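The values are calculated or read from the model by the stated rules, or taken from the named source; none is laboratory data. None of these values were measured; they are calculated from a predicted model. Heads up, the Cβs are rebuilt from the backbone with ideal geometry, glycines too, and the neighbour counts pull from every protein chain shown.
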Amino acid sequence: MKFRPVLTLLLVTVLTFGWPITAAAYVIVDPDRAGASGALLRLAVPRAPLAPIVTNGSWPVYHRDNAHTGSDPTLPPASGATAGWTSAALDQQVFASPLIYGGIVYAATLNNTVYALNQSDGSLVWSRNLRAPEPTTAPTPGGCGNVAPQGILGTPVVDPGTNRIYVVTLSGVDDHFRLEGLNLGTGVPEMTTDISAFAPTLDWIVQQQRGALAIANGYVYVPFGGRAGDCGNYHGWVFAVPTNSGAIAGTYVTPGSGAGFWAAGGVVVDDSTGKVFVTSGNGMPAGTGPGGGCSANLDGTPVFENNAVLRLSATLAREDGFVPPDWQSSWCVNDEDLGSASAVLISPNLMFQSGKWGTGFLLNPKALGGMGGQVFPPNPYTEVDTCLGNHAGANFGGYAYAAPFVYLECEGRGIVALNVTTGTPSFSGCPASCPLPSWRAGAGITFGPPIVAAGLVWAATSGGGLYAFRANTGAQVFHSASFAIHRFVTPAEAGGQVFVPADNVIKQFVMLFGASQSSPAPAPARQPVVQVPGPAAPSRPPVNQSTPAPTPLGR
């Protein structure tokens, strides 16, 4: 384009004479990228020099690791925290968990924008708007959907191997979901895969990408569920996209209406085996058969594979599954999804799962065992409560694990810790009284999913700010000033710092340690690079491949 020499000269001038001032904070919008919003080229120059970018811990995926333990075991015990920086306002709301890697905090907004913020002071390193989002929740029957605009909703994933952050956008121009890989240091898009072109029955009006992404086996795993209200004929989908080519290599889709993979926690992976785990939600009442979406096979298992924990191969072939013995009566007909939260992998031989019905299970990931295949509670089956006897919308999002406790949020009832015995697998329940060795804290509060770091359980609540409780007793040791968060928002932590999305900003909190303790020593500073991205890579023609018709999903 004829004005590029002028832009190049401008950048050379900035880099030559203004480097000490700009320090690499910038916003670039590629003029050749269809749907990009804003000016053709914007340079955001900070008013003061940036602090050096210093590596200080990492949190590259939802709840820190592929097992989704949500636990950082590297820190000494903390005594509390103090408020740190608050970022400048981002261009839209943030529902996804922040990610931290290489001294940078990454945040993604509903405007399809990814931000890289300096972990030290919250200043802007780079920002990339990828494309215009869907402007409304959707003109669906019954008014399904509760998020607007529709842009990046699910938690991205950082891949040090390819030096990229992967996000899923929804375009307001062509209504397509795309997996996009951006360079960690510059924000330049290096890979785009049009998922909707590959799976044309993945209808954005009834489907939603809310679950967290995962990286393993050379693939990015992308889950889909339904929108709030469960409208239309949707399914649970998972896609495996190779990081080296972008061509979709594997797909799993549930066999009937509903059963979406909609939990914010998304995909769990066992790094020791490379196996992929997802948990499905309810079946739709409109499903075929005498029980509708809750129809059972002759062996009693769900026809539509709803309310199930599934084990998939690296390329998403179905290998095994678990459904509760009471899946039909307790979980399905009353819409109390098992898949309201994703599982947590305690070890290669033990996994925990609960859900909206508010009872829980320990499973063997290597032998999920079908209906009633749990290792605890034993058969004949008796329910074990996880959320103070609540059997209606009991818990959501994801869990955290730091031996010996699994931690979960319980709607309107605070944080609960369940004591897990791994030798002969069992866990202490939390019925109405929640007796020891379980504990509960924050009674009457609805938190987002908790995490654990420095001997403390951290969780945020809308309008109530960030709390920290002793991981072994539940004693409260910190409560910040109030701020708002969105549904299912979970904190992230790195280097003794906790990061929380608060509407359209990121808030940092710094842990306090004893006089003889300190947070991990920072690595040498790494300077970011200012770079004008080249034109977007040419689009890949759609793959002519049929996929099963979708069924309705959860939120």
Seminar exercise, completed: GLY474 vs (1) at positive phi; (2) at pLDDT below 95: all pass except (2)
Problem set entry | Exclusive hit being under 23 Å from the mean Cα position of the chain (by Cα) and more than 23 Å from PRO223 (Cα to Cα), set THR386, THR382, THR315 | THR386
Problem set entry | Pair list, Cβ < 6 Å and 6+ apart or interchain, from region 50-75 residues that are among the polar types (S, T, N, Q) to residues that are assigned to a loop (DSSP other than H, G, I, E, B) and modelled with pLDDT under 95 | THR55/ALA523; ASN56/PRO522
Problem set entry | Top-ranked residue of region 53-74 - restricted to ones that are out of contact with any His (no Cβ under 9 Å at 6 or more places or on another chain) and assigned to a strand (DSSP E or B), ranked as surrounded by the most Cβ atoms within 10 Å (Cβ to Cβ) | TRP59
Seminar exercise, completed: Picking from LEU388, LEU418, the residue that is assigned to a strand (DSSP E or B) and touching a Cys at 6+ places or on another chain (Cβ under 9 Å) would be LEU418
Exercise. Do we find a residue being modelled with pLDDT under 95 and of a type in the set (A, V, I, L, M) anywhere in region 122-140?
Worked result: yes
Exercise. Do we have LEU310 as buried (at least 24 other Cβ atoms within 10 Å of the Cβ) and not in a loop (DSSP other than H, G, I, E, B) here?
Worked result: yes
Seminar exercise, completed: If we ask which residues in region 237-257 are surrounded by 23 or more Cβ atoms within 10 Å (Cβ to Cβ) and in contact with an Asp or Glu (Cβ under 8 Å, 6 or more places away or on another chain), their number turns out to be 2
Seminar exercise, completed: Of the conditions (1) out of contact with any Ser or Thr (no Cβ under 8 Å at 6 or more places or on another chain); (2) within 26 Å of PHE261 (Cβ to Cβ), the single one that THR424 does not satisfy is (2)
For this session: Mind counting the residues in region 493-515 that are surrounded by fewer than 24 Cβ atoms within 10 Å (Cβ to Cβ), within 17 Å of the chain's Cα centre (by Cα) and in a strand (DSSP E or B)?
Result: 2
Exercise. Quick check: anything in region 287-295 among the hydroxyl-bearing types (Ser, Thr, Tyr), farther than 27 Å from ALA417 by Cβ and without any contact (Cβ under 8 Å) to a residue 40 or more places away in the chain?
Worked result: yes
For this session: Check region 406-428 and report whether any residue there is within 19 Å of the chain's Cα centre (by Cα) and closer than 21 Å to THR74 by Cβ.
Result: yes
For this session: Scan region 72-112 residue by residue and report those that are polar (S, T, N, Q) and farther than 22 Å from ALA453 by Cβ.
Result: GLN92, GLN93, THR109, ASN111, ASN112
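Can you name the residue in region 51-70 that is hydroxyl-bearing (Ser, Thr, Tyr) and within 19 Å of the chain's Cα centre (by Cα) and, of all such residues, is nearest to VAL125 (Cα to Cα)?
SER58
Looking only at region 330-383, count every residue that is of a type in the set (Phe, Trp, Tyr), out of contact with any helix residue (DSSP H, G or I) (no Cβ under 6 Å at 6 or more places or on another chain) and under 27 Å from PHE224 (Cβ atoms) and tell me the total.
Qualifying residue count, region 330-383: 2.
Quick grid of which residues meet (1) part of a strand (DSSP E or B); (2) buried (at least 18 other Cβ atoms within 10 Å of the Cβ); (3) charged (D, E, K, R):
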position	(1), (2), (3)
ASP299	no, no, yes
GLU305	no, yes, yes
LEU316	no, yes, no
PRO325	no, yes, no
TRP331	no, yes, no
ASP335	no, yes, yes
MET351	yes, yes, no
LEU362	yes, yes, no
